[in-house]
Amino acid sequence: MVLKSMVASASDLSLVSAAGNAPLDFKNRVFGGRVVSLGFRFNRGRWKGNERFNFKVRAALDVGVEGSRSKALQGTCGLDVVSEGDITVKGFAGLRKTKLVCTVGPACNSLEELENLALGGMSVARLNMCHGTREWHRDVIKKIKKLNEEKGFCVSVMIDTEGSQIHVVDHGASSSVKVEEGSIWHFTAEHFEGSRPFTVQTNYRGFSEDIEVGDELVIDGGMACFEVIEKTGNDLHCKCIDAGIFLPGAKFSFWRDGKLVRRNYKLPTLSTKDWADIDLGIAEGVDFFALSFVNHADSVQDLKNYLSTKSTKSIKVLAKIESLESLHKLEEIVRASDGIMVARGDLGVEIPLEQIPSVQEDIIYVCRQLNKPVIVASQLLESMVEYPTPTRAEVADVSEAVRQYADALMLSGESAIGSYGRKALAVLDMTSSRMESWNREENRQNLLNHHQLGAALPECITEQICNCAVEMANNLGVDAIFVYTKHGHMASLLSRNRPNPPIFAFTDDESTRMALNLRWGVVPLLVDLSDDAESNISKSVQLMESKGLISQGDVVLVVSDIAPKRSSPMALQSIQVKTIG
């Protein structure tokens, strides 16, 4: 390859600060552009005594490809069949950036239905441990891995822990039960098999502590409402005041004078059952754990510490934001986690419904500032559990989550128990693609402000390189961004900037590949990587060409965080723009 290089330098980078992790500024959350220069030369003297090291950032333009190419990697190009098909049909510009998560349940647990969901764009399969046996979940995991290995998919697996839920009730029936206004129901902590007329059992003996006659019992955030008319021991007799339906394993809350009745049950975030479910996930090699009812960062760190001693692979831990306590400690929970799920269903029980939209936007904003992927979950297309067409309001809700730049959207009951799971997934795909197109037309990516993440100089360098790379990619109108990464960090920083072109992340680590399935706009590829950056570029271009995915005249921007094994006083990181010749 013939390369022409341009090196730009400046005296010192005044933007860089060693003040550590500054708190996020919520009051000044306004859109505003900023200008960053193309190249920097950093003076380390201001960072560590009189010791001075120069760090260069190089921008190179490929004006042609000459001579023989390196021998292509053995096997396939490491790209999943769905992304490969989408590129072939839609081109780079047509790739959807928002990732899609599907909950697997009895409606879609067959090999055929799982394959249909994968073909429809499912990036992550979620297993809700509130339902089903461990044997059932183990079978689903094996099916997904079989599809990945035999059919060329790249679907990650997430286990969603049940948590120490104190607010779960069950009527004993296998399906939903209608609740008529004026009917009297008995809520009890007594355990019994099967079902009894107008009787509901809870999973926590102290569920009625501090509850008074006249309080309201709200099912699943408003699916049905009762008034407490009598309290006998731990049991409650309640009259239905708002008719509705009970779902199996429904959740409930108590309200008094229009306010949530807050009680301290002092239960651990992870129950004994949760730890057994986690051991199952470790043994089966899942990619994510979603931690339910997280109220502080310590519980996240406890699980991460446990995984580091029990698992040989890197498993990411997501925290579910679904309580008022988690909102009060949002920033520290986000910092401790590998990602966040906005569990709007349970959150809507804890805070007034009208606050959900603004709280959702705040959570997404914090996650993007701290470079953590965020999933918007619960009731996105709730009507499609029973009907083949969503409401217009649901489509608008999905569009708003995409407009806010959520990394992923999640189907719950729509795919798990609904009759139209594939159609619901198609609605997410279509709606996300349309809103992303509108974002590009409005050039909204250039209006994103970012909180500085790094405190140490090397971290700041990488961060600035990714910011510059995305600005260059957007301004030059390149077709794609190639990033070569061991652990996915530089790919995540590129994703954080929400570039117009898709990000192709080449990695030789399977855990990194599966983790990147939750990153907005990132298409992960599993390939062999070397310490030679030019060799990696040549091989990846050769592979993409061999599949017919790039052609002569395509322009790609290339960045890398693959560090050479041999240490050097000069750390060189590059941004290269290559025209395929």
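Using a/c under 1.5 as the rounded threshold, could you call region 328-383 rounded, prolate or oblate? The axes a ≥ b ≥ c are square roots of the C-alpha gyration tensor eigenvalues, and prolate needs a/b larger than b/c, oblate otherwise. Taking the square roots of the gyration eigenvalues as a ≥ b ≥ c, region 328-383 is prolate. Placing one equal scatterer on every Cα of region 168-260 and applying the Debye formula, the log10 ratio I(q)/I(0) at q = 0.15, 0.17, 0.23 Å⁻¹ is -0.49, -0.64, -1.26. Could you tell me which of the pairs Lys151/Lys310; Lys90/Lys372; Lys316/Lys578; Lys90/Lys320; Lys304/Lys372; Lys99/Lys151 are separated by over 23 angstrom between their Cα atoms in the structure shown? As for pairs spanning more than 23 Å Cα to Cα, those are Lys151/Lys310; Lys90/Lys372; Lys316/Lys578; Lys90/Lys320. Based on Cα contacts under 8 Å between residues 6+ apart, region 168-260 shows a relative contact order of 37 percent.
With a Förster radius of 45 Å, plug the Cβ-Cβ distance of Ile184 and Thr88 into 1/(1 + (r/R0)^6) and report the FRET value to the nearest 0.05.
0.15
Computed over region 447-580, the range of Cα coordinates on each principal axis works out to 42, 39, 28 Å, biggest value leading. Here the label points at Glu441 and Asn116, each 7 Å from Cα along the C-beta direction, are separated by 3.2 nm in the simple model.
The distance from the alpha carbon centre of region 187-217 to that of region 444-503 is 52 Å, rounded to a whole number. Phi angles across region 418-433 convert, under the Karplus curve 6.51 cos²θ - 1.76 cosθ + 1.60 with θ = phi - 60°, into 3J(HN,Hα) values of x, 8, 10, x, 5, 5, 4, 5, 5, 5, 4, 4, 5, 5, 4, 4 Hz, Gly and Pro given as x.
Note on region 258-329: percent of Cα-Cα distances in each 5 Å bin, starting at 0 and stopping at the bin with the largest distance, equals 3, 14, 26, 24, 14, 9, 5, 3, 1, 0.
FRET efficiency for the Asp528 to Gln552 pair, using the beta carbon distance and R₀ = 35 Å, is estimated at 0.90.
Read-outs: derived from the displayed coordinates by stated rules, not from any lab. Because the structure is predicted, anything quoted here is derived from the model rather than measured. Don't worry about glycine lacking a Cβ; one is built from the backbone with ideal geometry, like all the others, and counts go over all protein chains shown.
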